[in-house]
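Data block below; observations after.
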Amino acid sequence: MTSNAPHRFTAGALCLLLALPLSAAPARAADNDSALTLEQIMADPDWIGNPPQNAYWSDDGRAVYYERQREGIGNQRMDLYRVDLATGKAVLIEPARRVKEDARGELSRDRKRKVYERHGDVFVKDLKTGAVRQLTRTAEDENGPRFLADNRRVTYRSGDDVFVYDLETGLTSQPARLVLDKDPADKDEPTPLQDQQTRFFDVIRQKQEKEKKEREEDLALRKEDPTRVPQTWYLGKDVIIDRASLSPSGDWLLVVTAPKWSEDSKRAKLPQWVTESGNIEVREVRPKVGIDKPVPHSVILLDLVKHERHDLDFAALPGSKDDPLKALREAAKARKEAMKKKGEEKKDEAVIEPKAEGEAKPEEAKTEEKKTEEKKEEPAQLRTLEVSDFSWSDDGQRLAVQLRARDNKDRWIATFDTATAKLTPRHRLTDAAWINWDFNEMGWLPDNETLWFLSEEGGYSRLYALSERTGEIRPLTPEGQYEVSRLVPGQDGKHLYYIANREHPGKYDVWRVEVATARAERLTSFGGLVSPPVLSPDESQILVSASSINRPDELFVQPNRPGAQARQVTRTQSELFLAQDWTMPEIVPIPSTHGAGPIYSRVYTPRDFDPSRTYPAVMFVHGAGYLQNIHYGWSNYFREFMFHTLLTRQGYVVIDMDYRASAGYGRDWRTAIYRQMGTPELEDFQDGVAWLVKNKNVDPKRVGVYGGSYGGFMTYMALFRQPDLFAAGAALRPVSDWAHYNEEYTSNILNRPEVDPEAYEKSSPIEYAAGLQKPLLICAPMLDQNVFFQDNVRLVQKLIELKKENFEMAVYPVEDHSFVQPTSWLDEYRRIYKLFETYVK
């Protein structure tokens, strides 16, 4: 189709496109290529070859184990394989042997045993003999097993309870009984009537005295008798246990609690339309942002030896009583009052009574009254805090707690010393936008006094070491415009291993740093994407999963030294996939005209590119917002990667940009969208289109755009706010109104709706729907628990009321946010392809 195709997309406003035929099907691939069709691209990914997952070393370091997903649409079962490194042969492990060989877990500190959880039960393996001992066999789910510091006791959780298993005696014990109720000994203040009853009647006084005596005797017996369950700890009836962790010494129990869910919580309803019963079935899903009040966490430390309870007080954290949103809160209040006043003025503007001479206006009188009143300052309140992480030292004498303000502006690290029962603030990270949900890792070194942690305070994630003894904090990784993440400590604590994109934003490798000297070394040279290293038992080798642009993950083994050669030990990709000649994109740093720095992009060019002709183009917009897709590894958007090869074979140029908000480029790139989602990204899209016109002979009137989730949101914003930038767009499972999204994601970037209504109005596509001029395809799954179907139904109604004609909506009745059925994928991308063939090509 030519570029002057009419922009009238359909005659109707809302069309449910479920199984209509596609007239513009892709042509067959050239003879020198294997046939590539949409049917093949969107088939179940089994055809590519299921990659290895969850890899680990054999106990002797001579073999590698990994899992692969079993073939079949939506099949979640995993098969276990073993690769002998001497022969390179991979063997499927039979189910009967998996209990012995499926042994990922935690080693004891003397490295003689391994503890692990399998199907909700706990097992211990003797690393010398290979003998496996099953510790539990229950219908309950036991989880989180680990060794205590004495190497002979194992602790694990079951529900809200913590248990300890003694490997020498075979005794299972409960170090503390936690009860979510009020302590019977804590009586409410008696009413006058109760006071009178106690004063009048001996029988009541005797009953009270008897109950008190029995409680005291029972407590004394439990302290003196080691064969009994220790005393009960009453945590209150209005809380739930969020997490519990026994110290490695076994002497302290950390309990994190949160208030119970309010019965008034207004959770959204999600109808299911295609059901076994034939009836519409409704289930409750998450609440929308701003619906529920943020809930605080409380941290309780129980001294199991002295039978003492310590409720941690976080008031000493610097800034814990600040209100960073005060100005926005006051502005929102003034805005609301102004709107209310404006409405009242409109209502009463026809009735204006003259004011008598010398008579003060009611507003003036109120102002004067306020001036004469003494202003009363309310005491500062502790901000609502949550526990985002915690870590015990190996000896159990120290605890590090990481806390985050629910307003998303601060993160603190504090340490608790069990000898003094004292909490000490150690580090504060403040961000005027929001604290990143990544780069919050921390842990203790084996010396039991050095805490390592990540911080984005310098603009990029960097590794630091804190001395508990001196309080000194020093950086362990050099300054630079790169990100450090996914830490793996060595056994002796001399080295820390991590992933970094130090050489290029899109090239990740394994690095290690010597803690004493802060000397960093690059270990791998994959230059794509790589997983955190799994160290062999003697730490002489590392095991990693690595990928490239056109090849999914495979496993590699490499000696643990810089410059060593990596050896590929798995080959899981199918012959059909390997036979394809995929279009390899260039990775280009596109200059920004908005002062933002280079915008890294993947550009896919037709193989027979002719500089004398002009080309149509398609822009793909990745989802999540904070996600990196412009790298040299295999993309999570592998279907789109294959679809882009098909598009280039049909004569399109394709661009995929890491617009502002994307991951991998530091704090400022991430937070550019604070309170203005959709604005910086759209500026980057303009630069991308201009670059295509200048460098790839693209016709500016023949550029289409598509993307899912955040990419769908940005498709809306582009078509609504910049109607001349793109010829057509496909918005897949898109957000149209951020007030309908979730609390965890949205409140970081836009604050809460009642605090920052302007940010929501500025950032929500539904506010700009009147700007739609070009053809729009909306694809919405009806069972979406992430972006509710209702969100896009509301947008469609708005478009109907605006009398827009050039849009269609395709619905997918059995799909959640991430599609599972190949038929749904195929239907969706047929429609996208037809859209571009009709209005772009």
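Numbers below:
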| item | result |
| --- | --- |
| Nonlocal Lys pairs with alpha-carbon distance under 12 Å, region 45-203 (8 or more apart, or different chains) | 6 |
| Region 93-139-region 700-754 distance, computed between alpha-carbon centres (Å) | 48 |
| Selection from Gly490, Phe390, Trp412, by position along the positive dipole direction of the chain (Cβ) | Gly490 |
| Qualifying GluC sites (Glu not before Pro) for region 89-168 [loop in DSSP, other Cβ within 10 Å: at most 15] | Glu140, Glu168 |
| Residue-averaged 222 nm ellipticity for the chain, from DSSP H runs of 4+ at -39500 (n - 2.57), nearest 500 | -6500 deg cm²/dmol |
| Histogram of C-alpha separations across the chain, 20 Å bin width, % | 12, 39, 35, 12, 2, 0 |
| Region 596-721, accessible surface, carbon-and-sulfur percent (1.4 angstrom probe) | 47 |
| Rg followed by Dmax, in Å, when region 580-732 is reduced to its Cα trace | 14.3, 44 |
| Within region 426-560: Cβ-based charge dipole about Cα centre, in debye rounded to nearest 20 (Lys, Arg +1; Asp, Glu -1) | 180 |
| Highest to lowest packing among 229-237, 601-609, 448-456, scored as the average C-beta count within 10 Å | 448-456, 601-609, 229-237 |
| Set Lys507/Lys696; Lys269/Lys762; Lys293/Lys804; Lys266/Lys834; Lys409/Lys798; Lys288/Lys507 screened for pairs whose C-alpha atoms are more than 32 Å apart | Lys293/Lys804; Lys266/Lys834; Lys409/Lys798; Lys288/Lys507 |
| Farthest toward positive dipole pole in the chain [+1 Lys/Arg, -1 Asp/Glu at C-beta], among Ser461, Leu576, Pro753 | Leu576 |
| Among 309-318, 152-161, 401-410, the order from most to least packed when residues are scored by Cβ within 10 Å on average | 401-410, 152-161, 309-318 |
| Dipole moment magnitude, nearest 20 debye, region 185-250 about Cα centre, only Lys, Arg, Asp, Glu C-beta charged | 100 |
| Alpha carbon centroid spacing (whole Å) that separates region 808-841 from region 522-569 | 37 |
| DSSP-loop trypsin sites (Lys or Arg not before Pro) across region 725-823, with at most 12 other Cβ within 10 angstrom | Lys803 |
| Rounded, prolate or oblate (a/c below 1.5 giving rounded, otherwise prolate when a/b exceeds b/c) for region 201-271 by Cα gyration tensor | oblate |
| Nearby aspartates and glutamates by direct alpha-carbon distance to Lys701 (threshold 12 angstrom, same-chain neighbours under 8 apart not counted) | Asp724 |
| Proximal charge balance of Pro318 [Cβ under 11 Å; K/R count +1, D/E count -1] | +1 |
| Charge dipole magnitude, Cβ of K and R +1, D and E -1 - the chain, Cα centre, debye nearest 20 | 1340 |
| Cα convex hull volume per residue for region 90-171 (Å³) | 106 |
| Between region 638-672 and region 42-68, the alpha-carbon center distance in angstrom | 28 |
| Cβ-based charge dipole, the chain, positive-most Cα from Tyr615, Thr191, Ile300 | Tyr615 |
| Anchor Lys333: aspartates and glutamates whose Cα lies under 17 Å away (excluding residues fewer than 8 positions away in-chain) | Asp323, Glu344, Glu754, Asp756, Glu758, Glu761 |
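The values are calculated or read from the model by the stated rules, or taken from the named source; none is laboratory data. Keep in mind that this is a model prediction, so the values were computed, not measured. So basically every Cβ, Gly included, is an ideal-geometry build from the backbone, and we count neighbours across all protein chains shown. To get the accessible areas, we keep the full protein, side chains included, count just its heavy atoms, and leave off ligands, DNA and RNA. Shrake-Rupley method; radii C 1.70, N 1.55, O 1.52, S 1.80 Å.
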